[in-house]
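Structure, as structure tokens:
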Amino acid sequence: MPNTNVSIFNDVMGPIMRGPSSSHTAAANRIGRILRPFCMSLTANNHASSESTENEILVMVKYDPAGSLATTAGPQGSNIGLAAGILGFDCKDERLKDSETLLELSGISFTTEIGIIGENDHPNTYHITIKNPKTGGSHWMIALSTGGGAIHIQSVDGVNIDSKGDRHMCLLYVSHSSAALLSQKLAAKQISCRKWINVCHRHERVRYSKEEQEANEKIQMILIESLGPIDIESISDDIAVLCAAVIMIPCVMPVPRPEDINLPFTTCSEMQSWMGNNHCVIGEWLPFELACQYESARSGLKTTEIVEKMAEIVDIYDESIKTGLRGTTFEDRILGAQSVIYKQNLEKNGTLYDLGLIDSVILYTSAFMEMKSSFGLIVAGPTAGSCGTVPGCIIAAGKKLGKDRTDMARALLVCGLVGVFIATKSTFAAEEGGCQAECGAAGAMAAAGLVALKGGDTRQCFVASSLTLQSLLGMVCDPIGNRVEAPCLMRNVCAASMACSSANMAMSNYTAVIPFDEVIAAHWEICKAMPRSLRCTGLGGLAAQPSARKIEEELLKGRGCSSCSCSTPFNTY
Ligand code: SF4
């Protein structure tokens, strides 16, 4: 789904996470962290203790049978992501994989069901109800995962709050009779807020009159948003007293959204016009400077802060690749540590064809994907499923060229800018557009980063992106055994190899024929035309073949990689 105000750090190069899927595990974790204060507000003592065994709160999540989550929420980590978020863990937390058990121990009962949602046709829709059965207090929320870890909180308690989780929020529930006084107090403090009446909400600690309780539709909800955490007591010490409930919701994205955003450009052609109107003092804008101009306008960060933030991502890439190359294991997994064998073969002269840079790209892409499949720390850029392509290319090329972390961070910013253009006009969500949305985008991003790293100009960067994305259009999403491993690894290697080829072709002034903006338009058209069975549902393509079904059965019996002595447990051909 096309997006507005896309941020390189919020929507493209991240989240920094553990788990199989950014649009499942990481996005669900962010939704869970937003759910947490609603759960806490319904507990008797306003917090869930890890010692409690009494299930006083019920969290019930409904997935639509026509969407993607009905078949993928369990195996691709949505449920553990939600549970971890409700516990207050972020998606880097090592306890993530045990979070459903830990949530149960904390006194919160978590259940899922398949049922028609109806109001929303997005394939990644979470319809969530939270209840305290003893008191009757309840809340409900409709939230979407929109790809690559991005979220959209559509509604809370029946009102459209329309949030991407990128602001701190405070929800004030107030009775009709107190609402005017509360509004006056907020206005006196120059607090701008959004207000709704007729909120469908029940809370056990309401102080409404009997008549008001009978006319529950008169409850009002007031939303205050802020860049930083909101301290309601410091705004006015009697605001909380006037309210039936106050719910503080944290910003769950890396970069909060400022009040006013004036983006310099959101497409390649707008960027070209902007460059024409804003001549650079040293002659020509370097590709990474354009990325910094964009992100600075989006997030308010300075160029030095932006480059350093991206250099921290370089460090994670580097460390995770090194860890991956030492070999990884995980029980619920199809593939073993294949990168270890590739590395050994590279070290034995003559075993393999000499592919030069592409050999290192295959090695690093594989190692990073194996980290993802073993709950290691990764950066989902643009998604967890496609997370190997960009580091595989940029870290391998960076090392080959003797570049430092700042050089590689600048190249990654160019990758990020390409991702911004794709996310603004199309999607990273495989549930909306298949693997072209994930690995297609990753390849286009990596191609531009490779050109920038080698000193190519802006035009060559976007020609490389265009050539790569043109080559990967139409790629379907059909993950075997509903795990984000195969064919995901091969699709990442394919995207990364194409990125290397396109970078060299672009730097040799090959023509893209179709400009990048139009390739993105075609990408979105193809997303919309792709059948549901090939959009991350496990219902078609490779996922529906007999061998894939057998692997799925074996995984359900707990017979994955760790129970087998060889490194490729399903070794058929
Ligand atoms: S096939 Fe592609 S889009 Fe689908 S889960 Fe794997 S990497 Fe993601």
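The values are calculated or read from the model by the stated rules, or taken from the named source; none is laboratory data. The structure displayed is predicted, hence computed values, not measured ones. Methodologically, a virtual Cβ is constructed for each residue, glycine included, from the backbone with ideal geometry; neighbour enumeration extends over all protein chains shown. Protein only, heavy atoms only, side chains kept; ligands, DNA and RNA dropped before computing areas. Shrake-Rupley method; radii C 1.70, N 1.55, O 1.52, S 1.80 Å.
One table, with the values for the structure above:
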| item | result |
| --- | --- |
| Segment 466-481 - residue that is within 11 Å of the ligand (Cβ to nearest atom) and open to solvent by 10 Å² or more (accessible area, probe 1.4 Å) and, of those, nearest to E331 (Cα to Cα) | I480 |
| Residue within segment 298-305 that is at pLDDT 90 or above, open to solvent by 60 Å² or more (accessible area, probe 1.4 Å) and hydroxyl-bearing (S, T, Y) present | yes |
| Exclusive hit being open to solvent by 30 Å² or more (accessible area, probe 1.4 Å) and modelled with pLDDT of 95 or more, set E308, E295 | E308 |
| Whichever residue in segment 123-155 is out of contact with any helix residue (DSSP H, G or I) (no Cβ under 8 Å at 6 or more places or on another chain) and open to solvent by less than 30 Å² (accessible area, probe 1.4 Å) and, among such residues, is farthest from G19 (Cα to Cα) | G136 |
| Search result, residues across segment 520-556 that are β-branched (V, I, T) and within 14 Å of the ligand (Cβ to nearest atom) | I526, T537 |
| Count of residues meeting criterion [surrounded by fewer than 24 Cβ atoms within 10 Å (Cβ to Cβ) and either within 9 Å of the chain's Cα centre (by Cα) or free of Cβ contacts under 8 Å to residues at least 24 places away in the same chain (or both)] in segment 1-15 | 0 |
| Strands (runs of 3 or more DSSP E) contained entirely in segment 136-175, each with at least 2 residues that are small (G, A, S) | 138-147, 150-156 |
| Pair list, Cβ < 7 Å and 6+ apart or interchain, from segment 80-94 residues that are closer than 25 Å to S320 by Cα to residues that are among the acidic types (D, E) and outside any helix (DSSP H, G or I) | A84/D93 |
| Selection count, segment 482-506, where residues are touching a Ser or Thr at 6+ places or on another chain (Cβ under 8 Å), within 15 Å of the ligand (Cβ to nearest atom) and not hydrophobic (A, V, I, L, M, F, W, C) | 5 |
| Checklist (1) modelled with pLDDT under 80; (2) among the small types (G, A, S); (3) touching an Asp or Glu at 6+ places or on another chain (Cβ under 9 Å) applied to S163, failing item | (1) |
| Selection within segment 266-285 - in contact (Cβ under 8 Å) with a residue 40 or more places away in the chain and not in a helix (DSSP H, G or I) | T266, T267, E284, W285 |
| Members of segment 378-401 that are farther than 24 Å from R459 by Cα and either away from the ligand (no atom under 16 Å from the Cβ) or without any contact (Cβ under 8 Å) to a residue 12 or more places away in the chain (or both) | K399 |
| Residue, farthest from G149 (Cα to Cα), within segment 346-361, restricted to residues that are in contact (Cβ under 8 Å) with a residue 60 or more places away in the chain and open to solvent by 30 Å² or more (accessible area, probe 1.4 Å) | L357 |
| Test: residue in segment 427-440 that is part of a helix (DSSP H, G or I), touching a residue at least 60 places away in the same chain (Cβ under 8 Å) and away from the ligand (no atom under 11 Å from the Cβ) | no |
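Yes/no per residue for (1) modelled with pLDDT under 90; (2) assigned by TED's automatic domain parsing to the domain that holds S78; (3) outside any loop (DSSP other than H, G, I, E, B):
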| residue | (1), (2), (3) |
| --- | --- |
| I130 | no, yes, yes |
| S178 | yes, no, yes |
| S183 | yes, no, yes |
| R194 | yes, no, yes |
| V206 | yes, no, no |
| E212 | yes, no, yes |
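Quick grid of which residues meet (1) charged (D, E, K, R); (2) open to solvent by less than 10 Å² (accessible area, probe 1.4 Å):
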position	(1), (2)
I395	no, yes
G419	no, yes
T427	no, yes
L450	no, no
K454	yes, no
